[in-house]
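Taking it in order: structure first as structure tokens, then the write-up.
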Amino acid sequence: MRKIMACLDVGTDTVKLVVGEIVKKKLNILAVAEAEGKGVKDGLVEDANALMTPLKSVIAKCEEVIGLPIHQMIVSVPAMNASYSVVMGNININNEGNLIDGKDVIHVIQKAVKSVRSEDLEYISMIPTSFALDDNRVVKDPKGLTSRTMSVRGVMVRTPKKNIYPILACLEKLGIDVVDIALSSLGDYYEYKTKELDKEVGAVINLGDETTTIAIFNKGVLTNSKVLNLGGQNIDNDISFIYKVPLNTAKDLKENFALAHKNMAQTSDVITVEDKSSRVISLNQLEVSEVTMSRLLEILNITKKEINSLTKKEISYIIFTGGLTEFKDFPLALQDVYGNNAIIGKNMEIGVRNNKYSSCLGLLKYYSYNAKLKDKDYSMFTIEEQQELSGTILAEENESIMGKLFGYIFNG
């Protein structure tokens, strides 16, 4: 079976949808689409009706490319006020010969999830750190091993229901089944994940249009995060205020004229624009870059302080990603604040090399990893559809949005 899935990332500035296929542990992109974000503020849905327009747009664009209707997808959700709890679960292995299979992995994870209940927070994911078997054996993947008992230890992630339900409700109206939900930070990590990173403690920082998300990973496990209401729009606002130009003009100046650092900016590079009074004004690249640089350095310095407040452990790596890292001369600004202690992530998949796609790309890889751990085959297309394509917490038994979602997560 071809392992094909779609991932949706709903942002304030853009809504993105990526369809990809895992082939020999490599992600191949089949389709990608984006639309102007509507109905979202500070990463949360404020107007579900407005959001429907970009959702329909990205789904239609991807369907046109692959030639098949999309009925299933993974959804990236924001980490605002996320909660992280260490949980444990234990089960007996009753299979013939006490041989552990994927169903046992699902069962023990269910037990761990059920150990913590909250009416205010919704379960997102449980990230196993280790499985313990008889004779004090501790393994990452227990499938195929024998043991009379098995326990799991991991980190359970929960978020406020308002972070999730509005998006899921919109997709349900569009006839889309959500097969998994995960924090965008997990996607960012899995996009750049290596064996070396899985042994260290580090931070992954996503600089977006309206928010900046700082996530701490301990040996590949997401343990803490914080979302700041800072991003590219703050730079737009500064340019708009100082030069009295409309916000759309300010955004265009940031993306197509200014530099992230003034060192390479030229006074001889001049542009003319209209201000809010329809007067034509001339701006040179150096003066606009000084404005953008000032705000960007402020944002970077704040992220540096926040890392120290999120973990007391020694940080071995810091990776920056997100759309704002594509800002011209961003590496120079990063060097000013972090020196050589931080790097910029690079998406290597053809067609989606802009860092604004890192969450979607990584979550497709994360979903594939989880499916393998649980010994599950997956694809959003049936065998017949794939042939056509080639030619061209266990919720309560109800039909609620979350009920159907957990049916996918735990039952396959």
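No lab work stands behind these numbers, since they all come straight from the coordinates. These numbers come from a predicted model, not from an experiment. Because the Cβ atoms are built from the backbone with ideal geometry, glycine has one as well, and the counts that use them run over all protein chains shown.
Hey, how much of the P(r) for region 317-374 falls beyond 19 Å, as a percent of Cα pairs? Value for region 317-374: 40 percent of Cα pairs lie more than 19 Å apart.
Restricting attention to region 255-338, which GluC sites (Glu not before Pro) occupy a DSSP loop and are surrounded by at most 12 other Cβ atoms within 10 Å? Mind showing how you got there, number by number?
Numbers: sites: GLU255, GLU274, GLU287, GLU290, GLU298, GLU306, GLU314, GLU326; in loops: GLU314.
Sparse-neighbourhood loop GluC sites (Glu not before Pro): GLU314.
How would you rank 266-272, 35-41, 85-91, highest first, on the average number of other Cβ atoms within 10 Å across their residues? Write down the numbers at each step before the final one.
Working: 266-272: 11.0, 35-41: 17.4, 85-91: 15.9.
Order by mean packing, descending: 35-41, 85-91, 266-272.
A DSSP coil position with no more than 13 other Cβ atoms inside 10 Å describes the following trypsin sites (Lys or Arg not before Pro) in region 174-227: LYS195, LYS219.
Between THR149 and LYS41, with labels modelled 7 Å along Cα→Cβ, what's the label distance in nm to one decimal, could you check? Placing both labels 7 Å beyond Cα along the Cβ direction yields 5.3 nm. Placing +1 on each Lys and Arg Cβ and -1 on each Asp and Glu Cβ, with no other charges, gives the chain a dipole about its Cα centre of roughly 1100 debye.
Name all residues of region 324-344 having a backbone nitrogen under 13 Å from the label point set 7 Å from the Cα of ASN263 along its Cα→Cβ direction, giving them as ranges. Within reach of a label on ASN263, which here means backbone N under 13 Å from a point 7 Å along Cα→Cβ, region 324-344 contributes 329-340.
Computed over the Cα atoms of the chain, what is the ratio Rg over Rh, Rh following Kirkwood?
Values: Rg = 22.7 Å, Rh = 22.6 Å.
Taking Rh as the inverse mean 1/r over Cα pairs, Rg/Rh reads 1.00.
Projected onto their three principal axes, the Cα atoms of region 31-141 cover extents of 55, 37, 20 Å, largest first. For region 96-191, the share of alpha carbon pairs falling in successive 5 Å distance bins from zero is 2, 11, 18, 18, 17, 14, 10, 6, 3, 1, 0 percent. Projected over all directions and averaged, the alpha-carbon convex hull of region 162-249 occupies 8.5 nm².
How would you order 7-17, 47-57 from highest to lowest mean count of nearby Cβ atoms within 10 Å?
In descending order of packing, they fall as 7-17, 47-57.
Each label point was placed 7 Å from the Cα along the Cα-to-Cβ direction; for VAL139 and LYS312 their separation is 3.5 nm.
With Cα atoms as the point set, region 244-316 shows a radius of gyration and Dmax of 16.6, 54 Å.
Can you pick out the pairs among LYS41/LYS276; LYS26/LYS193; LYS26/LYS195; LYS24/LYS365; LYS304/LYS346 whose Cα atoms lie more than 18 Å from each other?
Details: LYS41/LYS276 24 Å; LYS26/LYS193 13 Å; LYS26/LYS195 15 Å; LYS24/LYS365 12 Å; LYS304/LYS346 21 Å.
Too far apart for the 18 Å limit: LYS41/LYS276; LYS304/LYS346.
Once you reduce region 169-230 and region 100-129 to the center of their Cα atoms, the two points are 19 Å from each other. In the P(r) worked out for region 272-376, what percent of Cα pairs fall beyond 23 Å? Of all Cα-Cα distances in region 272-376, 50 percent exceed 23 Å. Here the gap between SER85 and LYS195, fully extended at 0.36 nm per residue and compared with their Cα-Cα distance, gives a gain of 37.1 nm. When a/c reaches 1.5 or more, the comparison of a/b and b/c decides; with that in mind, is region 68-108 rounded, prolate or oblate per its Cα gyration tensor? Oblate.
For the chain, the 222 nm mean residue ellipticity estimated from helices alone, with every DSSP H stretch of n ≥ 4 adding -39500 (n - 2.57) and the total spread over all residues, rounds to -11000 deg cm²/dmol.
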